[in-house]
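Everything on this sheet refers to the single structure shown next.
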Amino acid sequence: MNGLGRRWTRYAVTFQTILSKEILRFSRIWVQTVLPSVITTTLYFVVFGRLIGDRIGTMDGFAYLDFIVPGLVLMGVITNSYANVVSSFYSSKFSRYIEELLVSPAPHWVILAGYVGGGVARGLVVGGAVLAVALLFTDIHIHSPGVMFLVCLMTATLFSLGGFINAVYANSFDDISIVPTFVLTPLTYLGGVFYSIQLLPDFWQAVSMANPVLYMVNAFRYGLLGVSDIPLGAAFGMILVFIVVLVAYSLRLLQRGVGIKT
Amino acid sequence: MFALDVQQLTKTYRGGFQALKGIDLQVEEGDFFALLGPNGAGKSTFIGIVSSLVNKTTGQVRVFGNDQDADPEAVKSCIGLVPQEFNFNLFLPVIEVVLNQAGYYGIPRHEAKIRAERYLRQLDLWDRRNQEMRRLSGGMKRRLMIARALVHQPRLLILDEPTAGVDIEIRRSMWSFLRDLNAEGTTIILTTHYLEEAESLCRNIAIINRGLIAERTSISALLNKLHTETFVLNLKGRVSELPELGGFVLQYLDDCTLEVEMNRDHTINGLFDALSRNGIEVISLRNKQNRLERLFLEMVDGRVAAAEGGVA
């Protein structure tokens, strides 16, 4: 094997190590990391779907319970991918074991890929579990599994990157809960999880278009139900642009050692 | 080739504190090198920059010919770091800490397992391999940091106060381990507050003070600079007054203990001859102060006094 081949093999081992460590971390404490989202969304299905949903009627031609499934699945993906990276990376900063990685020859992009990979893994596990629960309550026929998976993957990647940036800037454990509470939750609830934006007046429809979560929820809804308030291409394009911007920003933070080097 | 070649290294922290003011330092390949200095002298900043944990302000760092700016991966691959403070995930088992570190250096899992077993056995931690980090004693954690730093088989091992807080028995076994490691070819740079440790282990030394290298020499050359040495004598009988021992400066501590200051012209034989002539029998004698410690204090205090005098 030549020098370049050896180098890429080394990168692959490093990535695999970080990814395995991250997956093992959330798997060991699955009662804290995976189960809560499944229980919460099950309650949503029971309360909003079965008890209240029957009185609401249909939305975009679907039973209300079926309509909210994509949003609830994606909500699990968003919150868990974000939470995984922000808590794991901040803990490694707080307890200083991030130094194990900083002294190693692991390139910044491999470190970022490893942590984001862990966030994506947890997002997909929780998303899959919530979808499995949803299928117990509904008889949805999945319209496009490929689109559905791709949206999940890209959304989890985007919010893992967001969690990483939050962790880099965080100086205390309080700092890692501010964004999820005051930014992510409002964006998700107002991102068309529980309603179609067609129900909103024109002004609020226009405001909603500035919410990136709306694009993700609708793209995922297309994958699951075949309907969307947003063109699919626009949704994918928007998610991709956000990913590229956040990757570049995260790498710059690592390069400069913001929050991790003096 | 130098294991470490540092040129004009400076570090100014945000807020303006200048921790390093232009360090030039070379460490030969295969050396066992001590880096000494009082608290706040800049040792940890220096080590942090060399091991890529601290961003330098200006200067050049080369490790085995590799430039830190041009090829940081090559530099990092050559270095193993044992930091001063524990930096573990306390909830991981011992073996995973070592295996993960090997993985970060790109060492495949099967090879990492072989190396982890070797170093954990050598450092008496193999039986604890499945124990969580938080259950280990302070001495075990110190030894684990050495195993972790060695798993990628670095050519340069940097230890920042590796024996702080460990008992004498473990300290001695760690010294023996480090001597063997150095004999096998690993260059070692050590910072320590135990000057006996530096004197016992290291061949060359640099003293860093206020962000500058105050002295860079061999341990033996440094000890030769010591003009006087003070011994404490425990006497068999009692002495009521200070005896006259031609040429030796004596101090009366109590009626069974004397302190004698000897310069380089004196010999221990001469001292005992003089004591015998005065009918004084000695049960034991000891150095009042570690020789290196005395030199260190003279050097640091002297430079500080000189610097302060210059400013005034």
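The values are calculated or read from the model by the stated rules, or taken from the named source; none is laboratory data. What you see is a predicted model, and the numbers here were worked out from it, not measured in a lab. So basically every Cβ, Gly included, is an ideal-geometry build from the backbone, and we count neighbours across all protein chains shown. Surface areas here come from the heavy atoms of the whole protein model, side chains and all, with no ligands, DNA or RNA. Shrake-Rupley method; radii C 1.70, N 1.55, O 1.52, S 1.80 Å.
Points to keep in mind about this one:
- Note on the stretch A:40-81: among residues that are among the hydroxyl-bearing types (Ser, Thr, Tyr) and farther than 12 Å from A:Thr138 by Cβ, the one that is modelled with the highest pLDDT is A:Ser81.
- Selection within the stretch A:191-214 - over 26 Å from A:Trp109 (Cβ atoms) and assigned to a helix (DSSP H, G or I): A:Ile197, A:Gln198, A:Leu199, A:Asp202, A:Phe203, A:Trp204, A:Gln205, A:Ala206, A:Val207, A:Ser208, A:Val213, A:Leu214
- Residue check, A:Val120 in a helix (DSSP H, G or I) and more than 30 Å from B:Leu159 (Cβ to Cβ): yes
- Answer residue from the stretch B:172-194, given it is open to solvent by less than 40 Å² (accessible area, probe 1.4 Å) and within 21 Å of B:Gly138 (Cα to Cα) and is farthest from the chain's Cα centre (by Cα) among those: B:Phe177
- Which listed residue, of A:Leu112, A:Leu135, is part of a helix (DSSP H, G or I) and either at pLDDT 95 or above or in contact with a helix residue (DSSP H, G or I) (Cβ under 8 Å, 6 or more places away or on another chain) (or both): A:Leu112
- Scanning the stretch A:96-145 for residues being within 14 Å of chain B (Cβ to nearest Cβ) and either within 30 Å of A:Val47 (Cβ to Cβ) or among the polar types (S, T, N, Q) (or both) gives a total of 1.
For (1) within 14 Å of another protein chain (Cβ to nearest Cβ); (2) over 26 Å from A:Ala113 (Cα atoms); (3) open to solvent by less than 10 Å² (accessible area, probe 1.4 Å), each residue gets a yes or a no:
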position	(1), (2), (3)
B:Asn89	yes, no, no
B:Leu92	yes, no, no
B:Gly103	yes, no, yes
B:Gly106	yes, no, no
B:Asp124	no, yes, no
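- Taking every residue in the stretch A:239-262 that is within 14 Å of another protein chain (Cβ to nearest Cβ) and more than 22 Å from A:Pro212 (Cα to Cα) and pairing it with any residue that is open to solvent by 60 Å² or more (accessible area, probe 1.4 Å) and part of a helix (DSSP H, G or I), at least 6 positions away or on another chain, the pairs with Cβ-Cβ distances below 9 Å are A:Leu253/A:Tyr169; A:Leu254/A:Trp109; A:Val258/A:Tyr169; A:Val258/A:Arg252; A:Gly259/A:Tyr169.
- A residue that is out of contact with any helix residue (DSSP H, G or I) (no Cβ under 9 Å at 6 or more places or on another chain) and in a strand (DSSP E or B) occurs somewhere in the stretch B:199-206.
- Checked against the criterion of being touching a Lys or Arg at 6+ places or on another chain (Cβ under 9 Å) and either over 26 Å from B:Leu181 (Cβ atoms) or within 14 Å of chain A (Cβ to nearest Cβ) (or both), the candidates B:Gln26, B:Gln8, B:Gln18 yield just one match: B:Gln18.
- Taking the criterion of being in contact with a strand residue (DSSP E or B) (Cβ under 9 Å, 6 or more places away or on another chain) and loosely packed, with under 12 Cβ neighbours inside 10 Å, the only residue of the stretch B:254-266 that qualifies is B:Arg264.
- Annotation: A:Val193 fulfils all but one of (1) under 29 Å from A:Ser20 (Cα atoms); (2) within 15 Å of the chain's Cα centre (by Cα); (3) of a type in the set (Val, Ile, Thr); (4) modelled with pLDDT under 90; the unmet one is (1).
- So A:Arg96, is it outside any helix (DSSP H, G or I) and open to solvent by 30 Å² or more (accessible area, probe 1.4 Å): yes
- Scanning the stretch A:200-217 for residues that are of a type outside the set (Phe, Trp, Tyr) and without any contact (Cβ under 8 Å) to a residue 60 or more places away in the chain yields A:Leu200, A:Pro201, A:Asp202, A:Gln205, A:Ala206, A:Val207, A:Ser208, A:Met209, A:Ala210, A:Asn211, A:Pro212, A:Leu214.
- The residue list B:Ala164, B:Ala112, B:Ala116 contains one member that is of a type in the set (A, V, I, L, M), more than 26 Å from B:Gly65 (Cβ to Cβ), modelled with pLDDT under 95 and surrounded by 14 or more Cβ atoms within 10 Å (Cβ to Cβ), which is B:Ala164.
- Number of positions in the stretch A:15-39 that are more than 8 Å from chain B (Cβ to nearest Cβ) and basic (Lys, Arg): 2
- Among the residues of the stretch B:209-249, the ones that are assigned to a strand (DSSP E or B) and either surrounded by fewer than 17 Cβ atoms within 10 Å (Cβ to Cβ) or without any contact (Cβ under 8 Å) to a residue 60 or more places away in the chain (or both) come to 10 in all.
- Of all residues assigned to the stretch B:49-58, at least one qualifies as being open to solvent by 10 Å² or more (accessible area, probe 1.4 Å), more than 8 Å from chain A (Cβ to nearest Cβ) and not in a loop (DSSP other than H, G, I, E, B).
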